[in-house]
1. Going by how many other beta carbons lie within 10 Å of each one, how would you line up TRP25, TRP64, fewest first?
2. Subtract the Cα-Cα distance of ARG23 and ASP4 from 0.36 nm times their separation in residues, and report this length gain in nm to one decimal.
3. Quickly rank 29-35, 42-48 as a protection proxy: mean count of other C-beta atoms within 10 Å, highest first.
Amino acid sequence: MARDELDIRAAARLTGRSTETVRRWVWSGRLRARKLGKRLFVLRSDVEALAGSQQTKPLSLTEWRASASKILRRSAAGKSASDLVLADRRERSGELDARR
């Protein structure tokens, strides 16, 4: 293992995320990794870059309520929960980009 490489546990500690989240980043292609035996290793610089791009200001309760109300008003009755979650994520993504 190179000095600037981290295993999944170390990457999770560095980002304050769970090991499962870091693994999802790897399997989804958002984070490059190499496999050595049964272990995955990632570059510290890649982890720091991804973690930095993930940091956003959390919504206040008032902001979340307004966002959720707007989504519920726009959504048609009978949509699945996954449709509502996806709509919420799209909405938040746009609002967070505007606040940066």
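Every number in this text was worked out from the coordinates using simple rules, so none of it is lab data. Keep in mind the model is a prediction, meaning the values are calculated, not measured. Cβ sites come from the backbone with ideal geometry, for glycine too, and all protein chains shown count toward neighbours.
1. Arranged by neighbour count, lowest to highest, TRP25, TRP64 become TRP64, TRP25.
2. 5.0 nm
3. Those peptides, ordered most packed to least, come out 42-48, 29-35.
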